[in-house]
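Here's the structure, in structure tokens; my notes come after.
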Amino acid sequence: MGKTSIKLAILDMNNGHPNQGMRCIRDIVSQYEGQLMWDEFDVRVNNEVPGLDYDIFICSGGPGSPHDGNGAWDVKFYNLLDNAWKYNLENEYNKKYFFFICHSFQMACKHFELGEIQPRKSTSFGVYPVHKTAAGRKDPLLEGLADPYFAVDSRDWQLIQPNQKVFKEHGAAILSREKIRTHIELERAIMAIRFSDEFVGTQFHPEADPIGMKEHFEKEENRTKVVKNYSKRKYTNMMTHLEDPDKISLTHSTIIPHFIETSLSKLSTQNPVLS
């Protein structure tokens, strides 16, 4: 197998907190061994941020407020986004492709001023339906998913009140919104955005692996924590959804793989340097 020149960077935004997300991202990326090389960067603990010598970037979720930073890692992260965005505007070939998950999605939305990032009235935690918008029904990222589709949600913050002027200027589009709640008079949060042809992200966790999550939450200490913090009903519903092949399993095998495969296809077939 020949050596590939396409490089992918995984940006760990978890601030040293143990989590299932990084394992899931690694597992997905490992499926493309031979088509790309990949490295991992601990952004918030070690102030590590890759440069533009990478082609594809997957930015993880993480704890805390998207408004916080230490003046080091957050500045480096935002500079990376600005440099990549500028690079894509100025270059016809060898574009830089980004996928943002949860915390990094919130930070990217804040940075590009796409709307208001506000705390939720209560934590959203569990497996929930996510509804496609008209743009989402046409976007290849979500192709193969039902409407609504299901995703793992774990967040204290949300993106609401989209700035239509900025969306229009960037050519951005809302791809999904959160579940419909007819009994609650609250604006539905934005759950997925196409920032540009190369930048895309989700508020939820598309990397979530149902098998790994099921094993994780079957452990007594994790089961007890969910039941105590939320409810036994919430725990039971979540575990039931994890076992349904048309829910989390389908989302896991669709969204990030579609992002990687689309990026690889564009980098290898449209870019003469890499073809």
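Here, each number is a calculation from the coordinates, and none is a lab measurement. Worth saying up front: this structure is predicted, and the values here are computed from it rather than measured. Cβ sites come from the backbone with ideal geometry, for glycine too, and all protein chains shown count toward neighbours.
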Open item on the list: Using each residue's phi in region 124-130, evaluate 6.51 cos²θ - 1.76 cosθ + 1.60 at θ = phi - 60° and report the 3J(HN,Hα) Karplus result to the nearest Hz, with x for Gly and Pro.
Closed with: 9, 9, x, 10, 9, x, 10
Task: Label-point gap, in nm, between Lys219 and Asn237 - each point 7 angstrom along Cα→Cβ - done: 2.5
Task: Ellipticity estimate at 222 nm from DSSP helix runs (n ≥ 4, -39,500 (n - 2.57)) divided over the chain, nearest 500 - done: -11500 deg cm²/dmol
Open item on the list: Just to verify a number: FRET efficiency for Glu113 and Leu52, C-beta to C-beta distance, R0 = 30 Å, to 0.05?
Closed with: 0.85
Task: Loop sites in region 197-271: GluC sites (Glu not before Pro), DSSP, at most 13 other Cβ within 10 Å - done: Glu243
- [ ] Among the lysines, select those whose C-alpha is under 28 Å from the C-alpha of Lys86, and discard any that sit fewer than 8 residues away in the same chain.
- [x] Lys7, Lys76, Lys95, Lys96, Lys110, Lys138, Lys165, Lys168, Lys266
Task: Whole-Hz couplings from phi, Karplus 6.51/-1.76/1.60, listed for region 43-56; x for Gly and Pro - done: 5, 8, 8, 10, 6, 8, 9, x, x, 7, 6, 9, 9, 10
Open item on the list: With the crude spin-label approximation of a point 7 Å out along Cα→Cβ, what separation in nm comes out for Met37 versus Ser268?
Closed with: 1.7
TODO: For Lys86 paired with Glu143, estimate the spin-label separation in nm (one decimal), with each label point 7 Å from Cα along the Cα-to-Cβ line.
DONE: 3.4
Task: Relative frequency of Cα-Cα separations exceeding 13 Å in region 216-275, percent - done: 71
Open item on the list: In the chain, once you exclude exposed trypsin sites (Lys or Arg not before Pro) (DSSP loop, at most 12 other Cβ within 10 angstrom), what's the longest stretch remaining?
Closed with: 4-180
Open item on the list: Are there any GluC sites (Glu not before Pro) in region 93-162 that are in a DSSP loop and have at most 16 other Cβ atoms within 10 Å? List them by number.
Closed with: Glu113, Glu143
